[in-house]
Amino acid sequence: MTTTAFQPKCHWALWMLAGMLAGCGGGGGTGSVTAPTPPSPTPVPTITPTPTATPAGRWQPTIATTWHWQLSGTIDPRHAVDAYDIDLFDTSAATIAQLHGQNHRVICYFSAGSSENWRPDDAQFAESDRGLPLDGWVGERWLSITSPGVRRVMTARLDLARSKGCDAVEPDNVDGYANRNGLNLTAAQQLDYNRFLADEAHARGLAVALKNDVDQVVALQPAFDFAINEQCHEYDECVDYAAFLRAGKPVLNAEYRNDYRTNSGGARDRLCAAATAQGLRTLVLPLELDGSFRFSCDAP
């Protein structure tokens, strides 16, 4: 199963570390590992989940849900995980059906906060609704999240996700207010927009992930079914996801740092010990999310 090349959005500071991450893009082989616990791990408070009700018929991932995340390259359907996170536009309904046939749930990625000039519906965004370019991402610009036109495009994308058979969606770039966007977006507008996305996904029977937007996690947890985070270990932000874990909602985490990949000095061992203690589902992946390597802190 093949998809076209595409890259996810990461923590803004990642690009300051480009030299360190350059080794993550290719080679290295594939694999999943279960990391040993260091002799004296840092104590982490135990979080007891409080289950929340889910409407019948909608998938609700649990804190034990395992995952694979790949947005470009040839998708390998052989990972023994509960869910695959793939690109909404570049993945066919037939591929999604194949993953379902192998007992995988499917999470469909799309950008909800930026225009991408290679997407088939990009012309539907008015020029007046486009803000500044996203730093480091050619062809992308922040979107006006208060615009009815932008919201119409997003509801159409959710319709596409439902028609293709996605079980859940991952709307990306939902923290524009915290970036230099050129549209004067506010925190209150972001909360409103993100809740709009969650409500519209639920209306279509789709589970929905809160992507990053760490500063609004507590306020938005009740509206979302799970969280997807990039680099909370690297930037010491994982503790902010306690609100999801207490509600019995999983936090799916990806890390890109090169020493996590190579396990230099036991870096990945320490990472996985911390992830296991906190209850996060952590993967070490290439920045390109092309499937060229994969290390899991879970088994497999």
Practice problem: Find out how many positive minus negative residues lie around residue 190, taking Lys and Arg as positive, Asp and Glu as negative, among other residues whose Cβ is under 14 Å from that of residue 190. | Solution: -2
Practice problem: Find how many whole Å separate the alpha carbon centroid of the stretch 261-300 from the alpha carbon centroid of the stretch 123-142. | Solution: 32 Å
Quiz prompt | Distance (nanometres) between label positions extended 7 Å along Cα→Cβ at residue 239 and residue 196 | solution = 3.5 nm
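Per residue, how much accessible area does the stretch 184-300 have with a 1.4 Å probe, in Å²?
That works out to 31 Å² for each residue.
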Quiz item: Which order do peptides 202-211, 131-140 fall in by mean Cβ count within 10 Å, highest first?
Solution: 202-211, 131-140
Quiz prompt | Spin-label proximity, residue 189 to the stretch 117-131 - amide N less than 19 Å from point 7 Å beyond Cα toward beta carbon | solution = 125-131
Practice problem: With a point put 7 Å past each Cα toward its Cβ, work out how far residue 123 is from residue 299 in nm, to one decimal. | Solution: 5.4 nm
Quiz item: When the accessible area of the stretch 123-251 is computed with all protein chains present and a 1.4 Å probe, what percentage of it is carbon and sulfur?
Solution: 49 percent
Quiz item: Once the Cβ-Cβ distance between residue 215 and residue 97 is put in as r, and R0 is 30 Å, what FRET efficiency do you end up with, to the nearest 0.05?
Solution: 0.20
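The values are calculated or read from the model by the stated rules, or taken from the named source; none is laboratory data. Just so we're clear, the structure is a prediction, and the values are computed from it rather than from any experiment. Positions of Cβ are generated from backbone atoms using ideal geometry, with glycine treated the same way; all protein chains shown enter the neighbour counts. Side chains are part of the model used for accessible areas, which takes the heavy atoms of the whole protein and leaves out ligands, DNA and RNA. Shrake-Rupley method; radii C 1.70, N 1.55, O 1.52, S 1.80 Å.
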